[in-house]
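All of the numbers you see were taken from the coordinates with simple rules; none came from a lab. Just so we're clear, the structure is a prediction, and the values are computed from it rather than from any experiment. In this analysis, Cβ positions are derived from the backbone assuming ideal geometry, glycine residues included, and neighbour counts consider all displayed protein chains.
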Amino acid sequence: MSLRTKRRHRPELPLVPLIDVLVMLVLFSFVTMRFATNQTLNITLPKVDTAGKNQFKGTVVIGIAQDGTISFNEKVATKEQLMKLLLEVKKIDRDIPVLIRADEMTPLKELTFVMDACRNTGLNKFSLQSR
């Protein structure tokens with residue numbers, strides 16, 4: 001029989017490796033996070049069951065908010081400014097596609113004004129974005 005008694009070691013919690021793992025998880029989550037684009041208007045797009053892929057390759061985006069506020073390429077514009085901007089776009093390229101992003105609660109009056117403005121300026125290649 002042994003006269004020595006075995007000493008028990010106090011349990012230890014290795015904090016340094018635990019902190020390293022947590023830092024790596026936080027870093028990984030920031031790297032893989034998708035950031036929203038800067039939008040000046042809070043728009044909820046209407047859902048369309050028969051919509052195809054919304055792949056837009058143009059450079060003109062017109063947004064219409066629920067309260068009727070209009071934006072041209074993420075900058076708020078009045079109706080008169082919109083007409084002038086569309087005329088300038090037509091001078092550059094008549095066949096440039098125009099994407100209209102309207103909130104699902106936007107009054108039809110505002111949407112038809114924007115569509116009519118596109119047609120009046122000669123930009124007939126416009127489409128409505130849905131989700």
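For this structure, a couple of remarks:
- Approximate spin-label separation THR5-ARG119, in nm, with each point projected 7 Å along Cα-to-Cβ: 9.7 nm
- Additional length obtainable on full extension of the chain from MET105 to LYS91, 0.36 nm per residue less Cα span: 1.8 nm
- Expressed per residue, the C-alpha convex hull volume of the range 60-128 stands at 69 Å³.
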